[in-house]
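The values are calculated or read from the model by the stated rules, or taken from the named source; none is laboratory data. The model shown is predicted, which means the values in this text are computed figures rather than measured ones. Every residue, glycine as well, gets a Cβ built from its backbone with ideal geometry; the counts of neighbours run over all protein chains shown.
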Amino acid sequence: MPEKSEARKQLLEVLAHRSRVDNGIELIGGSLFGTEIGPQVLNAVRPAGQPLVDDWDCLKSMYGRCLDVYIVVIPLWLPVQKNARRKQQAGSWREMLMIVLVTLISIAALLQPVVAAPPPPSQGMPGCNTTCGNVTVPYPFGMGPPRCYLPGFNLTCDDSLNLLTGRHDRGGRMHVVGIFLENSTVRVMRKSQGTVNLTSSGRRFRWRLGEGGPYSLASAANEFIVTGCNVDATLVDSRSGGNASSCASYCIGDNPWRENMTRCSLGTCSATIASTGHTSYDVRLRPVVDEDDGVQGVLNRLPVHALIAEKGWLGVNNAFNLLLGLDQLFPTALDWACAADDVCKSAHSVRNSSGRGYTCHCQPGYEGNPYLTGGCQGN
């Protein structure tokens with residue numbers, strides 16, 4: 001019947017077309033990848049969630065070159081053919097062009113571009129070491145020759161990989177455990193300087209960092225801590241003479257609170273520090289109850305400590321060890337600033353001014369080290 005003959009003819013044409021497309025793709029795949037792995041590459045499935053093509057600009061340029069060939073060759077080739085043959089050849093060329101296009105898309109989808117991860121932005125001057133143990137040392141801090149750091153920001157990495165402030169031949173050095181460019185602070189570990197021998201007339205001593213350096217106390221990040229029984233403590237600004245903090249530690253009787261800024265418990269107290277940007281404070285201690293006999297006399301002889309530590313450090317264990325007279329390592333947060341006003345070297349940095357000097361940070365949308373040329377990079 002004519003209908004069956006026509007349907008059979010169309011089916012054979014579709015099968016023949018599909019066979020030509022399959023053979024063409026296999027031929028191109030074998031030429032590109034070899035006869036052994038060509039079928040595996042062409043039949044591989046790209047993982048879900050990934051785009052079909054990684055670099056569309058590359059694909060479009062490859063497709064454009066194929067289209068240029070098609071546009072140039074077909075007009076030269078087809079006119080020499082008969083009309084019927086011309087249609088057949090045009091169809092074959094279109095099929096081959098589609099084969100090439102599909103193959104190019106498959107290759108672009110299957111072959112992930114091998115791009116090396118960009119190196120992390122430099123944290124120090126060229127040729128300068130920027131690590132000590134597990135601590136990163138970004139410029140303006142540095143170790144080694146003077147070109148590796150700004151004046152006052154020199155650090156030393158000792159044989160035990162401890163990062164220390166200043167020179168090895170000077171005392172009063174601090175153990176640095178963290179340097180933070182984003183808020184211009186360092187975290188240092190200090191050791192409690194033994195117990196305070198408190199007499200009936202009281203006791204005074206000075207907490208200091210050293211004058212002329214880049215460091216000052218980050219008051220908002222620290223608190224004034226006193227341990228011992230029946231001790232009243234005041235932290236005085238050495239420059240202005242004004243009270244920066246105060247608290248009282250009691251073991252018997254009422255625990256008074258000082259202007260809602262004191263946290264007290266049995267034998268300990270801590271208080272916020274009002275002033276900021278200072279390098280030294282006077283610590284003034286006096287006994288609240290002067291008794292030498294009985295239980296109160298025993299409690300009054302418990303060790304007394306007064307220190308400035310990072311907020312959150314004073315817990316039950318640390319307070320108990322201080323009450324036992326054990327020296328403790330404790331963290332303190334320090335601000336730092338540069339003396340020169342031209343320290344912001346990155347084009348995408350912003351300079352900040354404070355009473356002690358200048359600091360830098362990267363503009364919004366950038367991150368890195370603003371103290372280095374090209375240090376702030378887009379994120």
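Does TYR250 satisfy the criteria of being surrounded by 21 or more Cβ atoms within 10 Å (Cβ to Cβ) and modelled with pLDDT under 85? Against the criterion (surrounded by 21 or more Cβ atoms within 10 Å (Cβ to Cβ) and modelled with pLDDT under 85), TYR250 qualifies. Would it be correct to say that ASN183 is crowded, with 16+ Cβ neighbours inside 10 Å, modelled with pLDDT of 55 or more, closer than 21 Å to GLY213 by Cα and not hydroxyl-bearing (Ser, Thr, Tyr)? Judged against the criteria, ASN183 is not a match.
Pairs are defined by a Cβ separation below 6 Å, a sequence spacing of at least 6 or placement on different chains, a first member in region 225-248 that is at negative phi, and a second member that is assigned to a loop (DSSP other than H, G, I, E, B) and basic (Lys, Arg); the pairs so defined are SER246/ARG258; CYS247/ARG258.
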